[in-house]
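The values are calculated or read from the model by the stated rules, or taken from the named source; none is laboratory data. Just so you know, these numbers come straight off a predicted model, no measurement behind them. Neighbour counts run over all protein chains shown; Cβ positions are idealised from the backbone, glycine included.
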Amino acid sequence: MALSASVVEIESQPDCWARAVDIAPTHAAALPTPGERVAVTGCGTSWFVAMAYAALREEAGQGVTDAFAASEFPVDRDAYDRVVVISRSGTTTEILDLLSALRGRTTTVAITATVGAPVVGLADHVIELPFADEESVVQTRSATSVVALLRASLGEDLTAAIADAKSALAEPLGALPESDQFTFLGQGWTVGLAHEAGLKLREAAQVWTESYPSMEYRHGPIAIAEPNRVTWVFGQAPKGLADDVAATGATFVTNDLDPLAQLVLAHRLAIAVADRKGLNPDRPRHLTRSVILSPLNP
């Protein structure tokens, strides 16, 4: 049986990340420079990527970096030297509206997987990643390739992360938990990854998922933890959290892989669960590749 587009795209991630790292220096003039005040924005998965990059850039000491869902961007706030918008298709209504509103007011950079998308005519700078584009509606490699590009632009060496992604693809799926409820947690830049992992299982496999900053989990969300449910931490777990989850009977998941490679594991899990349910992960219900709204349907 032929592999689904989603599986092929997930398995291509290490190669895509390597290509993103290779081209990062060629886009140095477009991407934020140290000291600039920056906003990053997107919709859905791209918003979670924006959250991850914003945290990474601030952690690297390169300047104030805020992340917004495109629909919630404070357009009247003239406080940014550069705005980075992320959109796989480059056609999303909220992104195009935002770029139009910012045109001539601040420098904008669009990162897209689609060559010649409408964002090209609206942004001051465009970074195209066609090698990371996808046939599947559900984003995997396009999003993680943007993260790889942006991490490289901050001076990170992704050699180990790419190796970890290959390990994540080789790990037996039987090692991953089976459950009808997952809660994903993260700290700093991995909060965005936790949100994205939750979204992937909801989109592809219709699984009940939640996601939070790790330290917030004990402030209420842990109430749903019980046997046969899973709490999965991206990156380092806060002290004592594993014991707190164990006391509920829920399964606690963490590992030493680079957090972006952990996301590859979550991608694989989403597809496996979808397959068990007889769902098509390439075409989830109610979803389209891009959300394009009519003027009467904001």
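A few remarks follow.
- Considering the conditions (1) free of Cβ contacts under 8 Å to residues at least 12 places away in the same chain; (2) assigned to a loop (DSSP other than H, G, I, E, B); (3) closer than 21 Å to Trp47 by Cβ, Arg202 is excluded by exactly one of them, (2).
- Of the residues making up the range 245-262, those that are in contact with an Asp or Glu (Cβ under 7 Å, 6 or more places away or on another chain) and over 15 Å from Ala163 (Cβ atoms) number 3.
- Some residue of the range 117-131 being more than 19 Å from Glu72 (Cα to Cα), of a type in the set (Asp, Glu) and out of contact with any Cys (no Cβ under 7 Å at 6 or more places or on another chain): yes
- Qualifying positions in the range 104-115 - closer than 20 Å to Glu94 by Cβ and free of Cβ contacts under 8 Å to residues at least 60 places away in the same chain: Gly104, Arg105, Thr106, Thr107, Thr108, Ala110, Ile111, Thr112, Ala113, Thr114
- Extreme residue, surrounded by the fewest Cβ atoms within 10 Å (Cβ to Cβ), among residues of the range 202-217 that are in contact with a strand residue (DSSP E or B) (Cβ under 6 Å, 6 or more places away or on another chain) and within 13 Å of Arg229 (Cβ to Cβ): Trp208
- Candidate set from the range 170-197 (those that are part of a helix (DSSP H, G or I) and among the aliphatic types (A, V, I, L, M)); member that is surrounded by the most Cβ atoms within 10 Å (Cβ to Cβ): Ala194
- Near pairs, Cβ below 6 angstrom, 6+ apart or cross-chain, from the range 53-75 (touching a residue at least 12 places away in the same chain (Cβ under 8 Å)) to any residue that is of a type in the set (Phe, Trp, Tyr): Ala55/Trp189; Leu56/Trp189; Ala69/Trp47
- Between Arg57, Arg88, Arg105, the distinction of being more than 19 Å from the chain's Cα centre (by Cα) and of a type in the set (Lys, Arg) belongs to Arg105 only.
- The set of residues in the range 229-267 that are surrounded by 23 or more Cβ atoms within 10 Å (Cβ to Cβ) and of a type in the set (Phe, Trp, Tyr) comprises Trp232, Phe234.
- Tally, over the range 221-234, of residues that are assigned to a helix (DSSP H, G or I) and in contact (Cβ under 8 Å) with a residue 40 or more places away in the chain: 1
- Under the condition of being assigned to a loop (DSSP other than H, G, I, E, B) and in contact with a Leu (Cβ under 8 Å, 6 or more places away or on another chain), the residues counted in the range 1-14 number 0.
- Of all residues in the range 59-90 being surrounded by 19 or more Cβ atoms within 10 Å (Cβ to Cβ) and touching a Leu at 6+ places or on another chain (Cβ under 8 Å), the one that is farthest from Ala143 (Cα to Cα): Phe73
- Total residues in the range 114-144, condition buried (at least 24 other Cβ atoms within 10 Å of the Cβ) and more than 19 Å from Ala270 (Cα to Cα): 3
- Verdict on Ser142 being at pLDDT below 95, in contact with an Asp or Glu (Cβ under 8 Å, 6 or more places away or on another chain), of a type in the set (S, T, N, Q) and not assigned by TED's automatic domain parsing to the domain that holds Gly249: no
- The residues of the range 15-53 that are assigned to a strand (DSSP E or B) and more than 15 Å from the chain's Cα centre (by Cα), listed by number, are Val38, Ala39.
- Qualifying position, being under 19 Å from Leu102 (Cβ atoms), β-branched (Val, Ile, Thr) and in contact (Cβ under 8 Å) with a residue 12 or more places away in the chain, among Val21, Val40: Val40
- Lone unmet requirement of (1) modelled with pLDDT under 95; (2) farther than 18 Å from Glu59 by Cβ for Gln236: (2)
- All of Ala247, Ala237, Ala274, Ala242 fail the test of being within 21 Å of Val138 (Cα to Cα) and not in a strand (DSSP E or B), apart from Ala274.
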